[in-house]
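Engineer: Take this structure, written in structure tokens, and hold onto it; I'll ask about it next.
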Amino acid sequence: MNFSFSSTAQEYIARLNAFMSEQVIPAEAVYFSQLHRGERPWNVPAVMAELKTKAKAAGLWNLFLAQGDHGGEYGAGLSNADYAPLAEIMGRSFIAPEVFNCNAPDTGNMEVLIKYGSAEQQQQWLQPLLNAEIRSAFCMTEPGVASSDATNMQATALVEGDEVVLNGVKWWSTGIGHPDCRVVIFMGLSELDPASPKHLRHSMVLVPLDAPGVKIERMLTVFGDRDEPYGHGEVSFTNVRLPLSSIIAGVGRGFEIAQGRLGPGRIHHCMRAIGSAERALELLCQRALNRVAFGRPLAELGGNPDIIANARVAIEQARLLTLKAAWMIDTVGVKAAMSEIAQIKVVAPNVAQMVIDQAIQIYGAAGVCEDTPLAAMYANARVLRLADGPDEVHRAMIAKLELKKYRKKPAH
């Protein structure tokens, strides 16, 4: 593996860093001052539209779209290895991913539509998403079953004549509270016979948020925070009838689609988490050097030097492992990189959570209030250890793939 960034990546890194320091970071305070908090309806701060216009003009738009996925047609066409450092830079700010139209779950939904969507679906939903005219959500997790095993899913997407009928309840549907959310991807059972192949029973369906029978029952909080203006919703689907053309790629291909969107998406998640950890370490060091207790800077007290050193080591390890996974996706494909992808999904959020927690400790009470971004960063890192599969599921995958190497080999 070549650990050097390509000339293309270096150019984008320089441009993105400059835009972040000159435009995004200074706009954070304005953004949150304009944001309506509490009960919905929420709003999109006016400064976000201004930042998006500038990002488009600067050519920093839809950067996540990889080579081979019409990236050159729809976005920058970067490799996963080239995009990874850009995701890290964006991870330094809560608002940055949307500024560049690179925020989840819209990125994953756009990738699904590019890879699997029909021409009609792409015209109706993909183009507005690529232009950031609308936002979207992904409805997969369910409250009544252990969704870490998606075969437990109970919601249905049954074909009746020339329609597909949806029923069920989903929750933790991120982004569904956004004022511009117009469409969700719903995953449900299309084959109820338990004897049928379990990974060919599910379908994904494009559902307009205003379709009859779709209802946002409530918005969920994370550690008491509503995560405005995106939010995480519990959504009911009651006899939602849609034309068969709403099914993505065809009946029974839900798991295939889900697997097709996971690899690159985990690179994005993990590099953003590393960016968050980097900002936390930066804040930690600034506080430790400038805050004095017992006559000495905090940086010189107790075990704080060790804490700083260990944080730097952990971040570097997490970054290198994530870059390796991105490089493997580019060179040998997602299937061959499954262990590495699972490894980073375990490592990066845990490292981010640890470093952010240590920064909070250095800041004291200021670290847990809105005066610093640390509390929100901590919540995001902690949630990421559950989102897109909990740590335990990924560890099980890593162990399974590791043991597979030795199943047919004699013991020594």
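Every read-out reported here was derived from the displayed coordinates using simple, explicitly stated rules and does not represent laboratory data. Quick caveat: nothing in here was measured; it's all calculated off a predicted structure. Neighbour counts are summed over all protein chains in view; Cβ atoms, including those assigned to glycine, are modelled from backbone coordinates with ideal geometry.
Engineer: Ranking 102, 139 by Cβ neighbours within 10 Å, fewest first, what do you get? Present the calculation step by step, with values, prior to reporting the outcome.
Structural biologist: On the way: 102 25, 139 28.
Exposure proxy ranking, most exposed first: 102, 139.
Engineer: Determine the alpha carbon to alpha carbon distance for each of 52/115; 170/405; 56/215 and list only those over 32 Å.
Structural biologist: 170/405; 56/215, as the Cα separations exceed 32 Å there.
Engineer: For a Förster distance of 25 Å, can you work out the FRET efficiency between the beta-carbons of residue 118 and residue 196, rounded to the nearest 0.05? Intermediate values should be presented prior to the final figure.
Structural biologist: Details: r = 25 Å, r/R0 = 0.99.
My answer for the efficiency is 0.50.
Engineer: With a cut-off of 8 Å between alpha carbons and a minimum separation of six or more residues, what is the relative contact order of region 2-150 in percent?
Structural biologist: 20
Engineer: Roughly how many whole Å is it from the C-alpha centroid of region 265-335 to that of region 1-46?
Structural biologist: Taking the Cα centre of each part, region 265-335 and region 1-46 sit 19 Å apart.
Engineer: A further question follows. Across 20 Å bins from the origin, how do the percents of Cα pairs in the chain run, short distances first?
Structural biologist: Using 20 Å bins, I get a P(r) of 25, 58, 16, 1 for the chain.
Engineer: Here's a follow-up. Explain nothing, just compute: Karplus ³J(HN,Hα) = 6.51 cos²θ - 1.76 cosθ + 1.60, θ = phi - 60°, for every residue of region 54-62 in order, whole Hz, x for Gly and Pro.
Structural biologist: Coupling constants for region 54-62: 5, 5, 4, 5, 7, x, 10, 9, 6 Hz.
Engineer: How long is region 255-404 along each principal axis, judged by its Cα atoms, biggest number first, in Å?
Structural biologist: 59, 26, 24
Engineer: Determine one quarter of the surface area of the Cα convex hull of region 1-97, which equals its mean projected area, and express it in nm² to one decimal. Before the final figure, lay out each step's value.
Structural biologist: Details: hull surface 30.0 nm².
Spelled out: convex hull of the Cα atoms, projected over all directions, averaged, 7.5 nm².
Engineer: Compute a Gaussian network model of the chain, connecting alpha carbons closer than 10 Å, and tell me which residue from 38, 161, 144 fluctuates the most.
Structural biologist: 161
Engineer: Do the sum for the chain: with -39,500 (n - 2.57) for every DSSP H run of n ≥ 4, divided by all residues, what is the mean residue ellipticity at 222 nm, to the nearest 500 deg cm²/dmol?
Structural biologist: Working: 13 runs with 185 residues, N = 412.
It lands at -14500 deg cm²/dmol.
Engineer: Could you calculate the contour length gain from residue 357 to residue 294, that is, 0.36 nm times the residue separation minus the distance between their Cα atoms, to one decimal place in nm?
Structural biologist: Here the answer is 20.4 nm.
Engineer: Charges on Cβ only, +1 for Lys and Arg, -1 for Asp and Glu, centred on the Cα centroid of the chain; of 281, 244, 17, which one is farthest towards the dipole's positive end?
Structural biologist: So the residue furthest toward the plus end is 281.
Engineer: Normalised by the empirical 2.2 N^0.38 Å for globular proteins, what value does the Cα Rg of region 135-248 take?
Structural biologist: That works out to 1.05 for region 135-248.
Engineer: Among 172, 95, 381, which residue has its Cα positioned farthest towards the positive end of the charge dipole of the chain, with +1 placed on the Cβ of Lys and Arg, -1 on the Cβ of Asp and Glu, and the dipole taken about the Cα centre?
Structural biologist: The Cα lying farthest towards the positive end belongs to 381.
Engineer: Let me ask something else. Pick out which of 336, 249, 96 has the largest mean-square fluctuation in a Gaussian network model of the chain, springs linking Cα atoms closer than 10 Å.
Structural biologist: Ranking 336, 249, 96 by mean-square fluctuation puts 336 first.
Engineer: Could you work out which residue, out of 163, 278, 111, moves most in a Gaussian network model of the chain, that is, has the largest mean-square fluctuation with Cα springs under 10 Å?
Structural biologist: The residue with the greatest mean-square fluctuation here is 163.
Engineer: Compute the length gained on full extension between residue 239 and residue 22: take 0.36 nm times their separation in residues and subtract their Cα-Cα distance, giving the result in nm to one decimal.
Structural biologist: Stretched fully, the residue 239-residue 22 segment lengthens by 73.2 nm.
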